[in-house]
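Q: Take this structure first; my questions come after.
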Amino acid sequence: MEYYFAPMEGITGYIFRNAHHACFGGMDRYYTPFLTPKQGKSFTSREWNDVLPQHNEGICVIPQILTNQAEGFLKMAGYLKEFGYTEVNLNLGCPSGTVVAKKKGAGFLAFPQELDAFLEQIFEGADIKISVKTRIGKEDPEEFGPLLEIFNQYPLEKLIVHPRVQTDFYKNEPNLEVFSQTLKNSKNPVCYNGDLFSAEKIKAFTRQYPDVDSVMLGRGLLVNPALLTGSVPDAARLRAFLDKLLTDYSEILSGERDVLFKMKELWFYLGKLFPDGEKHLKKIRKSQKLSEYQSIVNTLLNNCPMQLPDHISF
């Protein structure tokens, strides 16, 4: 089984990827938060830093592109190939309302004819492997049958399926019936993504789908970065991970406030490992200085045992 780290906008940039790889490892691929082609320029400074080869040494990184314009996709894919990347990923899964309103991400799924024309153009013009990360429709799972017929026309490196529709966001259960039909009917290799929050769930999924050779993990890894070990991390390893993140963010961000924001964003997920730590987690959320934040985190790690909850809700 291969394990892929899902892109999480605002969190899983190169600083996070390098820290996770150094402290926990286990990932076969990391996917970047989406890159958006823009008129007249290649990358924003944030995007540039995220895909620079020297910022991703020693790890397998797949850049993800969010667009509905073939010209922009091809231009960005060309730049990425010059950087040495051999594969790019098309984002057809983002459920964000602002993204969907622009007919991008999962919003593009509601326009199958335009999507087909787009795919035809990029596969004709791209000199790089292309994978797709998709939801199963905009509003109705029945949409995915015709969409899969479209995907089957093109040589996808991988079809990564999150079996929810856009309007589900992250609610409701993943639609395993649609995923099963996808496995049966896809002409491209299929990867599963969705709600594998524990090693036990991964094992159960593997028993149910022994022919699936890759899964993509996202929120479960943010809650428990040691997920693949089958247990929670020990305090020393988690402390090393957090210390590396804080140090590396401090080198690239301007001021304590920005660094604190980044760390607090991660604690939204990590906090679920500490069922008895709400008093300390509340202090972390309210902290205004790095010294204060570090003191609270040390107290939390020293006094509150980690435990993966039976059910994780977001």
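The values are calculated or read from the model by the stated rules, or taken from the named source; none is laboratory data. Note that the coordinates shown come from a computational prediction; the quantities given were computed from them, not determined experimentally. So basically every Cβ, Gly included, is an ideal-geometry build from the backbone, and we count neighbours across all protein chains shown. Side chains included, ligands, DNA and RNA excluded: accessible areas come from the protein's heavy atoms. Shrake-Rupley method; radii C 1.70, N 1.55, O 1.52, S 1.80 Å.
Q: Note down the net charge around M76, summing +1 for each Lys or Arg and -1 for each Asp or Glu among other residues with Cβ under 15 Å from its Cβ.
A: Net charge around M76: +1.
Q: On C-alpha positions alone, give me the angle between the axis of helix 235-252 and the longest principal axis of the chain, in degrees, nearest 10.
A: Between the helix axis and the principal axis of the chain, the angle is about 70 degrees.
Q: Note down the relative contact order for region 1-74 as a percent, whole number, built from C-alpha pairs under 8 angstrom at least six residues apart.
A: Contact order relative to length: 36 percent.
Q: Here is a further query. On a 0 to 90° scale, report how tilted helix 14-23 is relative to the longest principal axis of the chain, with both axes built from alpha carbons and the result rounded to the nearest 10.
A: The answer is roughly 60 degrees.
Q: While we're looking at this one, here's another question. Between the alpha-carbon centers of region 273-314 and region 68-129, tell me the distance in whole angstrom.
A: Centre-to-centre (Cα) distance: 39 Å.
Q: Further, regarding this structure: For region 152-199, which whole-number percentage of the solvent-accessible area (1.4 Å probe, protein heavy atoms only) is attributable to carbon and sulfur atoms?
A: 46 percent
Q: Size of the dipole of the chain about the Cα centre, Lys and Arg at +1 and Asp and Glu at -1 on the beta carbon, nothing else charged, in debye to 20?
A: Charge dipole, the chain, about its Cα centre: 1000 debye, nearest 20.
Q: Given 37 °C and 0.692 mPa s, compute D for the chain with the Stokes-Einstein relation, Rh being the Kirkwood radius over Cα pairs; round to the nearest whole µm²/s.
A: Taking Rh from Cα pairs, D becomes 161 µm²/s.
Q: With the chain treated as a Gaussian network of Cα nodes joined by springs under 10 Å, which of N18, N185, N172 yields the largest mean-square fluctuation?
A: N172
Q: Separate question: Which residues make up the longest stretch of the chain clear of GluC sites (Glu not before Pro) that lie in a DSSP loop with no more than 15 other Cβ atoms within 10 Å, not counting the sites?
A: Value returned for the longest uninterrupted segment is 140-314.
Q: If I model a spin label as a point 7 Å beyond the Cα along the Cα-Cβ vector, how far apart are those points for I150 and K187 in nm?
A: Rounded to a tenth, the inter-label distance reads 1.6 nm.
Q: Quick one: work out the % antiparallel among DSSP beta bridges in the chain, nearest 5.
A: 5 percent
Q: Let me ask something else. How many nm is it between the label spots at I128 and D213, if each spot is 7 Å from the Cα in line with the beta carbon?
A: Roughly 2.4 nm, to one decimal.
Q: To the nearest 0.05, what FRET efficiency results for K264 and E120 with a Förster distance of 41 Å applied to their C-beta separation?
A: 0.40
Q: Compute the acute angle (0 to 90°) between the alpha-carbon long axis of helix 256-270 and the principal axis of greatest extent of the alpha-carbon atoms of the chain; round to the nearest 10°.
A: 80 degrees
Q: Separate question: Where the Cα atoms of region 211-314 are projected onto their three principal axes, how long is each span, largest first, in whole Å?
A: Principal-axis extents of region 211-314 (Cα, largest first): 49, 31, 25 Å.
Q: Also: Towards the positive end of the charge dipole of region 54-103, with charges on Cβ (+1 Lys, Arg; -1 Asp, Glu), say which of N68, Q54, N91 has the farthest Cα.
A: Of the listed residues, the answer is N68.
Q: Expressed as a rounded percentage, what relative contact order does the chain have, with Cα pairs under 8 Å and six or more residues apart?
A: Rounded, it is 14 percent for the chain.
Q: Please sort by residue number the trypsin sites (Lys or Arg not before Pro) in region 72-126 whose DSSP state is loop and whose Cβ has at most 16 other Cβ atoms within 10 Å.
A: Sites meeting the loop and neighbour criteria: K102, K103.
Q: Probe of 1.4 angstrom, ligands and nucleic acids ignored: what's the accessible area per residue over region 6-86, in square angstrom?
A: 41 Å²
Q: Between D234 and K289, what FRET efficiency follows from the Cβ-Cβ distance if R0 is 22 Å, with the result rounded to 0.05?
A: With R0 = 22 Å, the Cβ-Cβ based efficiency is 0.20.
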